[in-house]
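Following: one structure in structure tokens, then a few remarks.
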């Protein structure tokens, strides 16, 4: 029976264990959202994970839901990521870049005073959107989202190409692959949602039309990386950023079958509600597993024992951890040896320099 410490072949990529470090926004990028040496140290410290997935990384200057999150759309950002991937590889690790566009989750103050973009300009719930900014006094605070405007059909197609360019930049920067962030109420998730997406062109209406934007991103990115190096993250039931839907089952049945037809590297299931005592993992697996024969990564409020059971029962192949990897750079070694885990410093999650970032103790 497989276990979390067993090796795993993710396509042509050999993973030494089944632990994945989840994508974790930490807001440590420098001016211009350029990755820096501190970030390189942070990722290299955690390179014993079977796979690292980078924090959400903006594909465009029109993304940016979080201040000081990194980008992959300027030369300086590419060069910044090069030092990160080099350090990870020198430490024996493997790292994918998570490609991110906030869409309507944005504020003009973070977008050079431009209005955020969205599928339909739906703004009835703008107060529920999570946008974060860094104040001059160093405090990292939630700020009011700005009402969005609808993308034109041509702008939708241009945004697909931004993902392709970001994938090219990720390849140049030395990443081993990419993950398309289609979860947590960000732009691809917004297109999937019948509540948020009220378009009447080929990107709205039916399940297939609402899934078209994500499908075109997958195909565009596959022109850069082989699909064995392209993953997708989904969160069908989350209320985070309010991309709610009364058509979850037909939509995610459709996209799961699409992912299977394309043979993507993996589908990363983010059970966000699992953190709040209302897990949806079983419901999600009931939709996805019968239709997707590839690799599944489970995420969301899971314990090590739960992870081992999911892998042992062959419900999923890999499990990602976020907060545990933040607080324990040597998480795999600690769990293997039965050592105690460090506690998370919640007050230092965002934009606090080394504190709560690279200063967690390792085992002697």
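List of remarks:
- Sites residue 91 and residue 9 - FRET efficiency at Förster radius 30 Å, r taken between beta-carbons, to 0.05: 0.90
- Ascending count of other beta-carbon atoms within 10 Å, so fewest first, for 324, 189: 324, 189
- Across segment 8-348, C-alpha contacts under 8 Å between residues 6 or more apart give a mean separation that, scaled by the residue count, equals a relative contact order of 15 percent.
- Centre-to-centre separation between the Cα atoms of segment 286-351 and those of segment 71-120: 24 Å.
- Sorted ascending by nearby beta carbons within 10 Å, beginning with the fewest, 227, 51 become 227, 51.
- By definition, a body whose alpha carbon gyration tensor gives a ≥ b ≥ c is oblate when a/c is 1.5 or more and a/b is not larger than b/c, and segment 139-233 fits this oblate description.
- Simple spin-label estimate for residue 2 and residue 283 in nanometres, 7 Å along Cα-Cβ: 2.6 nm
- Fully extended contour minus Cα-Cα distance, from residue 75 to residue 168, at 0.36 nm per residue: 32.3 nm
- Length gained when the stretch residue 341-residue 219 is fully extended (0.36 nm per residue, less Cα-Cα span): 39.9 nm
- Cα→Cβ-extended label distance, 7 Å offset, between residue 355 and residue 158, nm: 4.2 nm
- Rg and Dmax of segment 8-348, based on Cα coordinates, read 18.6, 56 Å.
- FRET efficiency estimate (nearest 0.05) - Cβ-Cβ, residue 209 to residue 293, R0 25 angstrom: 0.50
- Residues 203, 42, 266, sorted so that the one with the fewest Cβ neighbours within 10 Å comes first: 203, 42, 266
- The modelled label-to-label distance for the pair residue 139/residue 315, using points 7 Å beyond Cα in the direction of Cβ, is 4.2 nm.
- Protection proxy ranking for 206-218, 340-352, using the average of other Cβ atoms within 10 Å per residue and placing the highest first: 206-218, 340-352.
- Stretching residue 363 away from residue 276 to a fully extended chain increases their span by 28.3 nm, per 0.36 nm per residue minus the current alpha-carbon distance.
Readers should treat all values here as calculations from the given coordinates under stated rules, not as data from a laboratory. Computed from a predicted structure; not experimentally measured. Cβ sites come from the backbone with ideal geometry, for glycine too, and all protein chains shown count toward neighbours.
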